[in-house]
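The values are calculated or read from the model by the stated rules, or taken from the named source; none is laboratory data. Just so it is clear, the model here is predicted, and its values are computed rather than measured. Cβ placement follows ideal geometry from the backbone for every residue including glycine, while neighbour counts extend to all protein chains displayed. Side chains included, ligands, DNA and RNA excluded: accessible areas come from the protein's heavy atoms. Shrake-Rupley method; radii C 1.70, N 1.55, O 1.52, S 1.80 Å.
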Amino acid sequence: MFSTPLISPDNTWALMAITCGWAAFSIYAEQTWAWASKMSGAIVALLGALILTNVGIIPTNCVFFDDIVWGYVVPMAIPLLLLSCDIRKIGREAGKILIIFLIGAVGTAIGAVLGYNLLAGKVDNLAGVAAMMTGSYIGGTVNFAAMAGAFDVPGEASSAAVVADNLLMTLYFFVLIAIPSIKFFRSKFTHPHLDEVEAQGVSEEAKTQAAAFWGKKPISLCDIAINFAISVIVVWVSTEIAAVIAAAFPTNEGRGIVNDLIGGLFGNKYLILTTISMIIATVFSKPLEKLGGSQEIGTYLIYLFFFVIGAPASIKAIFLNAPLLLVFCAIMVIVNMLFCFVFGKLFKFDLEDCILASNACIGGPTTAAAMAISKGWIKLVGPIMLVGTLGYVIGTYFGTFIGNFLGA
């Protein structure tokens, strides 16, 4: 990893050009070449960012990645992709994913204890790191930060954990995205959403399954205008509502579990955003069926997100600063996946449920939704967003328990 990348972090236009250009290439490759279709465009996007970062072309962090894509692109994509999620049609799916998600959360906590017992004495501040990663691998960054503060984890330990987590997440997404193509998993689990996508068939003109799924559809200027208007308005309203609730019910201030639950759950803009989007999709389901382009625009924005989440993975920094932390995080992730897939098989749940539940635990609701979108499992986007957002609330409780249990 080069200390000074060729393109500086403040060269936003250059970084935007590379991100949009590689996202376009990823989509084109997935729809044109068989190898890319099998990998999926999401992996092509991730791999491109990983390579460009680690050969010193682009920075690992910058305003465009952290503020624009994470702060604006991702929130705008979610309402667009939820406009087809009629609440009346997804109750059964959400229930199944919730069960596997909670089982996966238990697996994450057990993985933290196992990793601690294997590596105790070899990694400084490991009990505190275990609390942070438990919170993060059930909830998200907000839980990571909360646990770091709660257990006074030193800055160098937190930084090393972030570096290890960034690389592991890239490898983890590669594995999850590849699982639906692996014969072992397809033979052991039912996979109705995969079957639905594949049932469309691949014509000679389409060349790949992705091209068949994302074939040309009519879209008007009015459709584009309405899509963007709905998206921006929903994000704005959700952000305002979440801010009011978070201020009224501040968390992590010793005000009790009710405050933590209400503030942590309803003070999260992604939960409000998801809820409002799905209410709109349900109430206005008939007129929205005539609206073209929402899935296409939303999916394109998610491809920008896939590129960005591959950027922070500095391979050199891992081997220099945090090799054992990478092992520790890997243990937690592996145990989570084992819990999700083994219990999913025992309960006869679908392969898609197990994949997305594990993703929602480890990567959070946005990455889980992005994976569902990239695979064409549009019906599961709403449920996994709702279930994954729950992790923001329970992650802090799991992390606190693990930290205290390990004596952090």
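Helix 126-136 axis versus longest C-alpha principal axis of the chain: approximately 20°, rounded to the nearest ten. The value of relative contact order for the chain, using C-alpha pairs under 8 Å at least six residues apart, is 36 percent. Compute log10 of I(q)/I(0) for the chain with the Debye formula, placing one identical point scatterer on every Cα and leaving out solvent, at q = 0.10 Å⁻¹, to two decimals. Listed by q, the Debye log ratios stand at -0.66.
Which FRET efficiency, nearest 0.05, do residue 316 and residue 63 yield, Cβ-Cβ r, R0 22 Å? E between residue 316 and residue 63, to the nearest 0.05, is 0.40. Relative to the dominant Cα principal axis of the chain, helix 381-405 is inclined by about 0°.
Here the sum of -39500 (n - 2.57) over DSSP H runs of 4 or more residues, divided by the residues of the chain, equals -23500 deg cm²/dmol at 222 nm, to the nearest 500. Relative to the longest principal axis of the Cα atoms of the chain, the long axis of helix 257-266 lies at roughly 30 degrees.
Once the 1.4 Å probe is applied to the protein heavy atoms, the chain comes out at 43 Å² accessible per residue.
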